[in-house]
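To start, the structure under review is shown below, and the notes come after it.
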Amino acid sequence: MADTLTNREIADVFTTIADTMEVLGEDVFRTRAYRRASEAIADLPVPLATLRAQGELIAVPGIGKAIADKIAELLDTGQLAFYERLRAKVPAGVLELLRVPNVGPRTAGRLYTELGITSIAGLKAAAEGGKLNGVKGFGPKTVATLLRDIAAAETRDQRTLLFEALRAADSFITALGAACPAVQQATYAGSLRRGRETIGDLDILAATTEPGIVVQAFTTLPLVARVESSGREKATVFLHNGLQADLIAIEPALWGAALQHFTGSKAHNIRFRELALARGLSFSEHGFKPLSGGAALPCATEEDVYAAIGLPWIAPELRENQGEFEAAAAGRLPQLVELDDIRADLHMHSDWSDGKASIRAMAEAARAQGYTHMALTDHSAFLGITNGLDGERLRQQAAEVAALNSDYATSGISFRILHGVEVDITADGGLALPDDVLAALDIVVASPHVKLSQPPEQATERLLRAIRNPHVDILGHPTGRLIGSRPGSEIDLDAIARAAADTGTLLEINAGPERLDLDAPSVRRVLELGAKLTIDSDAHHPDNLQWLRLGVLTARRGWAQAKDVANTWPLATLLEWIAA
Ligand code: DGT
Ligand code: CA
Ligand code: CA
Ligand code: ZN
């Protein structure tokens, strides 16, 4: 059986009904009953299902017969036909407009019917483009306020970066295990397990035969700031850092089914269920039910779950319904790159430019990661770069690198520092250092840092020039985007990928938590066009080397295999590639 909806979810349905009716221009009096019901439900201390079982729904002030029937339908089916019909009349993006402060349902309705606006982005564009001028109620002052309100809505909706969410989930799971011996196994699922670049909330699964004890331990962990809801097998809490975490306690025998369900994505799950139904199986987080009524199927592991529909296990990073089912059925799933495959980090900084540690400290940290080589790539001297290196300082730095390498050699340590640079790509695609300086280095990363909002043709031409420069080995953070704060330059990715494949220039997945640039869809595309990648931390401190994990997740979401990623190659192979 599907989980019954919570009071909160049902309250939200009634609010959305009221909003939608108002957007459609319905009388306020007609919508008022739904708003009152929503408020009444949100305040209830007991689950609606319990009240209903006791026949006490209509005893609640604010809940009449009509509303009580709708609640019953929602509790029984998880859906409400009336709501679905209403919802079909208004694009979802129109209701999204209500997240902007001071935009109510009536305004949203007018923006939609008079201007065809169906998203916050569309509203922003209309306001910026002067399209609201002359619309009743939108004087110049209102438009200025509106733009500020839109900006506020955008920051409030920010999702959490993958890096922060991973850290929070790791410590949360460790704390849960330590606090509660009834937890046999615990892990995170959801978008975090799929390695998405931002995370809405944490979905934590715990295998146990004593769900009540686990829920109790979960909701009382010191990391928890506030308990939103807690039931027999589930709880939702907010952590001190503002992240929401959902817990689901599971019988060990159903671990695989729950893990598969809560890993998602929703699109993957929907497709999975269709395939199961085609085999006469209904699937939920509680496992398979044969439609014929036969025996239940094993679901202790995810392998069991996929095997039941005749497929090999599919890696979480691929679960977006973007061709993974077809690949699995054809036996063509990629052998995804793994963190253990990585032998080197090819983009990092020292205190010679804006890094926080010496070259030796960075090298020791790279060795501690188990790497066999690394590239030191401090910044070139350029506009606005602190302490960038010119030709003279690069020559001095080369001597220090050589000394360190010979120390390693004489101590019998097999580790090599490649001497490189991260050279700036100027606005027109030139490089900030002369050819003879670049020629003397082992490896050159070229990156755009300034003028990232050029028109697409110019932005593309700029990168193409850099890619075609024979000294450039790696194109660093190609778009320059910063997640949640800067969109990055618009480039013709196909043209970039083809040029990179032609010249052998490696395209970087910069693993900085806010960069992840290239992003996963771009990775998949450039690989299809034959380009090769590097995954680099761009570390400015020894601790930052662990960011590489984020880049590996991004590469996996882009279907990358170890052979596609130059830092999985042995040093000799890399050096041959660079020389060619
Ligand atoms: P997020 O939290 O927004 O970054 O994204 P997810 O993917 O973690 O989504 P979340 O936390 O709402 O739900 C966790 C997983 O639960 C989701 O990936 C798939 C599953 N799930 C949630 N809602 C549905 C649903 O309506 N249908 C199906 N089939 N699965 C769902
Ligand atoms: Ca989630
Ligand atoms: Ca969730
Ligand atoms: Zn850098």
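The values are calculated or read from the model by the stated rules, or taken from the named source; none is laboratory data. The model shown is predicted, which means the values in this text are computed figures rather than measured ones. Every residue, glycine as well, gets a Cβ built from its backbone with ideal geometry; the counts of neighbours run over all protein chains shown.
Data overview
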{"read-out": "Of all residues in the range 283-305 being at pLDDT below 95 and among the polar types (S, T, N, Q), the one that is nearest to ligand 3 (Cβ to nearest atom)", "value": "S284"}
{"read-out": "Any hit, the range 407-422, residues being loosely packed, with under 14 Cβ neighbours inside 10 Å and either in contact with a helix residue (DSSP H, G or I) (Cβ under 6 Å, 6 or more places away or on another chain) or of a type in the set (A, V, I, L, M, F, W, C) (or both)", "value": "yes"}
{"read-out": "Condition broken by V94, with the remaining ones in (1) outside any helix (DSSP H, G or I); (2) under 24 Å from E9 (Cα atoms); (3) hydrophobic (A, V, I, L, M, F, W, C) satisfied", "value": "(1)"}
{"read-out": "Test: residue in the range 306-325 that is on the phi > 0 side of the Ramachandran plot and part of a strand (DSSP E or B)", "value": "no"}
{"read-out": "Residue, surrounded by the most Cβ atoms within 10 Å (Cβ to Cβ), within the range 480-508, restricted to residues that are on the phi < 0 side of the Ramachandran plot and among the small types (G, A, S)", "value": "A500"}
{"read-out": "Scope the range 509-519; condition more than 15 Å from N544 (Cα to Cα) and surrounded by fewer than 24 Cβ atoms within 10 Å (Cβ to Cβ); matching residues", "value": "D519"}
{"read-out": "Checking L297 against (1) assigned by TED's automatic domain parsing to the domain that holds L318; (2) within 12 Å of ligand 1 (Cβ to nearest atom), the condition it does not meet", "value": "(2)"}
{"read-out": "Test: K266 is closer than 26 Å to D246 by Cβ, touching a Ser or Thr at 6+ places or on another chain (Cβ under 7 Å) and free of Cβ contacts under 8 Å to residues at least 60 places away in the same chain", "value": "no"}
{"read-out": "Lone qualifier among E274, E228 - being surrounded by fewer than 16 Cβ atoms within 10 Å (Cβ to Cβ) and either in a strand (DSSP E or B) or within 16 Å of ligand 4 (Cβ to nearest atom) (or both)", "value": "E228"}
{"read-out": "G294 vs. criteria more than 22 Å from T209 (Cα to Cα) and outside any strand (DSSP E or B)", "value": "yes"}
{"read-out": "Residues of the range 559-580 satisfying the condition of being among the polar types (S, T, N, Q) and in contact (Cβ under 8 Å) with a residue 12 or more places away in the chain", "value": "Q561, N567, T568"}
{"read-out": "Candidate set from the range 174-189 (those that are in contact (Cβ under 8 Å) with a residue 40 or more places away in the chain and in a strand (DSSP E or B)); member that is farthest from ligand 2 (Cβ to nearest atom)", "value": "Q185"}
{"read-out": "Qualifying residue in the range 162-179 (condition: aromatic (F, W, Y) and over 30 Å from R319 (Cβ atoms))", "value": "no"}
{"read-out": "So L333, is it among the aliphatic types (A, V, I, L, M), free of Cβ contacts under 8 Å to residues at least 60 places away in the same chain, out of contact with any Asp or Glu (no Cβ under 8 Å at 6 or more places or on another chain) and closer than 28 Å to S522 by Cβ", "value": "no"}
{"read-out": "Residues of the range 369-396 that turn out to be over 17 Å from P434 (Cβ atoms), in contact (Cβ under 8 Å) with a residue 40 or more places away in the chain and either more than 16 Å from ligand 4 (Cβ to nearest atom) or surrounded by fewer than 21 Cβ atoms within 10 Å (Cβ to Cβ) (or both), as a count", "value": "5"}
{"read-out": "Residue list for the range 284-300, restricted to those being polar (S, T, N, Q) and over 18 Å from L259 (Cβ atoms)", "value": "S292"}
{"read-out": "Residue list for the range 190-220, restricted to those being within 16 Å of ligand 3 (Cβ to nearest atom), within 15 Å of A235 (Cα to Cα) and either aliphatic (A, V, I, L, M) or in a loop (DSSP other than H, G, I, E, B) (or both)", "value": "D201, L202, I204, L205, A206, V215"}
{"read-out": "Every residue from the range 234-250 that is more than 14 Å from ligand 2 (Cβ to nearest atom) and modelled with pLDDT of 95 or more", "value": "A235, A249, I250"}
{"read-out": "Those helices (runs of 4 or more DSSP H) lying entirely in the range 468-580 with at least 2 residues of a type outside the set (G, A, S) and touching a Lys or Arg at 6+ places or on another chain (Cβ under 7 Å)", "value": "493-503"}
{"read-out": "The range 35-50 - residue that is assigned to a helix (DSSP H, G or I) and surrounded by fewer than 20 Cβ atoms within 10 Å (Cβ to Cβ) and, of those, nearest to the chain's Cα centre (by Cα)", "value": "A42"}
{"read-out": "Count of the range 221-244 residues which are among the hydroxyl-bearing types (S, T, Y) and either more than 14 Å from ligand 3 (Cβ to nearest atom) or at positive phi (or both)", "value": "1"}
